[in-house]
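The structure appears below as structure tokens.
The values are calculated or read from the model by the stated rules, or taken from the named source; none is laboratory data. It should be emphasised that the depicted structure is a prediction, and the values quoted were computed from it without experimental measurement. A quick note on method: Cβ atoms are made from the backbone with ideal geometry, for glycine too, and the neighbour counts reach across all protein chains shown.
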Amino acid sequence: MDLLILSRIQFAFTVAFHYIYPPLTIGLGVILVMMEALYLATKNSLYQQMAKFWTRIFALTFAIGVATGIVMEFEFGTNWATYSRYVGDIFGSALAAEGIFAFFLESGFLAILLFGWDKVGPRMHFFSTLMVALGAHFSAVWIVVANSWQQTPAGFHIVGEGVNARAEVTDFWMMVFNPSSMDRLAHTLMGAWQAGAFLVLSVSAYYLLKRKYVDFAKTSMKIGLIVAVIASVLQLVTGHSSAVGVSKNQPAKLAAMEGHFTTGPGALHLFGAVNEKKQKVDGGIQLPGMLSYFIYADATKPVMGLDQFPKNDRPPLNFTYQMFHGMVLIGLVLIGLSLLGVLFWWRGMLFTNSWLLHIFVWSVLGPQFANQLGWFAAEVGRQPWIVYGLLRTSDALSKTVTTNMVLASLIMFSIIYFLLFAVFVFLLDQKIKHGPAEEEHEFSRHYA
């Protein structure tokens, strides 16, 4: 492999592993706020017990997420020095805002959330939980803003020429509200809410199947199911809005996502494989005109095809197509599963139907796979540009890093991340098997 491919693989691997954890903390933050709010409203000790248990899970995911996120910042400088120089002013503004508005808020109240159960009153603890949840959301805001600027640059001008060229902010708020940032932010946050909700559903279903902590599991499952339904349905809405934005701002990406070669009314492909030589999608089912209808509400309106772009300006077609369709498929399955859960809840069968509970146990993997596939589709679909229309990925590499350096560090990261993931799974398994028994004991001691 050459230096470019290895550097891309290394960064993709780092980001993909890190991205397991932030969605869980964002989603669990929302659920923790709901649980503590219910406790304050009802004084029912069960809600407090639930909040304490899920705070322990939250702390574990938060810790691993912070540890794995630091590596990416070093990779910007080691592997992508030209890119870092080019976007430094833009990313510096966004990441500084993250530090001020998100990290300080989140970390400032985190100690109270984790250790303040018997040291502050319930209202102050709820406020701390709310601030940590808001901090996690604000962190997502600025990360998505920075990434969206790469997709749809705005509010800047170019200073310097050649290797010394760099983007400089001219309008901070135009940079923040670039054409894709709000759609992508909403879509990302709904994916995070799904990740947290389906983790709660998974653990609750496991307890019900084992007939352990039954009241705890039933109540947790109800809260998780409410969040899952809301997030899953809104994910469909935000996904559609984001796709419409892609059709306007990155038409080559949309054409790759749907295997649309010839400009004209666009067909929607349910599945298949892109055949670049024949310039068509092999196999599967296609719905003529439906791509045009979804984008323009007019099945006859033309959609720009890949024929409008030189071959060296097209993203990897089949990979982008498969990642996008995989994300959509999982998203639809999650919508169906969450609505099925509501139907069984309404019929009084949610907690006793073993086959559905078994599905919910494994459903925790759904949002994780969908989130990863969505990011792959977005990032690979932007290629060959690292900053869309301005800087090619091949021109963004560091000039002094060698192939052997990247390969050695990739192997090292793979070993370390495998060990970290093993530790995470082991500790998560221990906390789940231990259950809320300790929280119940501590509650009776401190709040009885």
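Return a yes/no flag: does segment 273-283 have any residue that is among the polar types (S, T, N, Q), without any contact (Cβ under 8 Å) to a residue 12 or more places away in the chain and in contact with an Asp or Glu (Cβ under 7 Å, 6 or more places away or on another chain). Reasoning before the result, please.
Taking segment 273-283 and keeping what is among the polar types (S, T, N, Q), we get 275, 279.
Applying the additional criterion that residues be without any contact (Cβ under 8 Å) to a residue 12 or more places away in the chain yields 275.
Then drop every residue that is not in contact with an Asp or Glu (Cβ under 7 Å, 6 or more places away or on another chain), which leaves 275.
Yes, that holds for at least one residue.
Give the residues of segment 271-300 that are part of a strand (DSSP E or B) and small (G, A, S), sorted by residue number. It would help to see each step written out before you state the result.
We begin by selecting, within segment 271-300, every residue part of a strand (DSSP E or B); these are 273-275, 280-282, 286-287.
Of everything in segment 271-300, just one residue is part of a strand (DSSP E or B) and small (G, A, S), namely A273.
Looking only at segment 112-137, count how many residues are buried (at least 20 other Cβ atoms within 10 Å of the Cβ) and aromatic (F, W, Y).
Adding up the residues that qualify gives 1.
Within segment 86-98, identify whether any single residue is surrounded by 19 or more Cβ atoms within 10 Å (Cβ to Cβ), of a type outside the set (A, V, I, L, M), modelled with pLDDT of 85 or more and more than 30 Å from R123 (Cβ to Cβ), and answer yes or no.
yes
Is it true that some residue in segment 232-244 is among the β-branched types (V, I, T), without any contact (Cβ under 8 Å) to a residue 40 or more places away in the chain and either surrounded by 21 or more Cβ atoms within 10 Å (Cβ to Cβ) or assigned to a helix (DSSP H, G or I) (or both)?
yes
Could you say which residue among V274, V233 is touching a Phe, Trp or Tyr at 6+ places or on another chain (Cβ under 7 Å) and of a type in the set (V, I, T)?
V274 is the lone residue from the list that is touching a Phe, Trp or Tyr at 6+ places or on another chain (Cβ under 7 Å) and of a type in the set (V, I, T).
Name the helices (runs of 4 or more DSSP H) wholly inside segment 115-216 in which the number of residues that are modelled with pLDDT under 90 and closer than 23 Å to F104 by Cβ is 3 or more.
Correct list: 122-151, 172-176.
Which one of V176, V200, V229 is crowded, with 16+ Cβ neighbours inside 10 Å and assigned by TED's automatic domain parsing to the domain that holds Y47?
Exactly one of V176, V200, V229 is crowded, with 16+ Cβ neighbours inside 10 Å and assigned by TED's automatic domain parsing to the domain that holds Y47, namely V176.
Being touching a Gly at 6+ places or on another chain (Cβ under 6 Å) and farther than 17 Å from F344 by Cβ is the filter here, so list the residues in segment 188-234 that pass it.
A192, W193, A195, G196, Y213
Please enumerate the residues belonging to segment 294-316 that are within 15 Å of H260 (Cα to Cα) and among the hydroxyl-bearing types (S, T, Y).
Of everything in segment 294-316, just one residue is within 15 Å of H260 (Cα to Cα) and among the hydroxyl-bearing types (S, T, Y), namely T300.
Residues in segment 315-344 that are closer than 24 Å to E379 by Cβ and either outside the structural domain of T219 (by TED's automatic domain parsing) or surrounded by fewer than 18 Cβ atoms within 10 Å (Cβ to Cβ) (or both): how many?
So the count comes out to 6.
Give the residues of segment 65-101 that are in a helix (DSSP H, G or I), of a type in the set (F, W, Y) and in contact (Cβ under 8 Å) with a residue 60 or more places away in the chain, sorted by residue number.
Within segment 65-101, Y83, Y86 qualify.
Among residues belonging to segment 245-284 that are more than 24 Å from P384 (Cβ to Cβ) and not small (G, A, S), point out the one that is surrounded by the fewest Cβ atoms within 10 Å (Cβ to Cβ).
Selected residue: D282.
Give me the pairs, please: first residue somewhere in segment 295-311 and farther than 25 Å from P384 by Cα, second residue anywhere and exposed (fewer than 13 other Cβ atoms within 10 Å of the Cβ), beta-carbon distance under 6 Å, and either six or more positions apart or on two chains.
none
Condition (residue is more than 20 Å from the chain's Cα centre (by Cα) and either surrounded by fewer than 19 Cβ atoms within 10 Å (Cβ to Cβ) or of a type outside the set (V, I, T) (or both)) applied to segment 365-374: is it met by at least one residue? Write out each step before concluding.
Step one: list which residues in segment 365-374 are more than 20 Å from the chain's Cα centre (by Cα), which gives none.
No, because not a single residue in segment 365-374 is more than 20 Å from the chain's Cα centre (by Cα) and either surrounded by fewer than 19 Cβ atoms within 10 Å (Cβ to Cβ) or of a type outside the set (V, I, T) (or both).
Evaluate the following for G92: is it touching a His at 6+ places or on another chain (Cβ under 6 Å) and outside the structural domain of D215 (by TED's automatic domain parsing)?
When the stated conditions are applied, G92 does not pass them.
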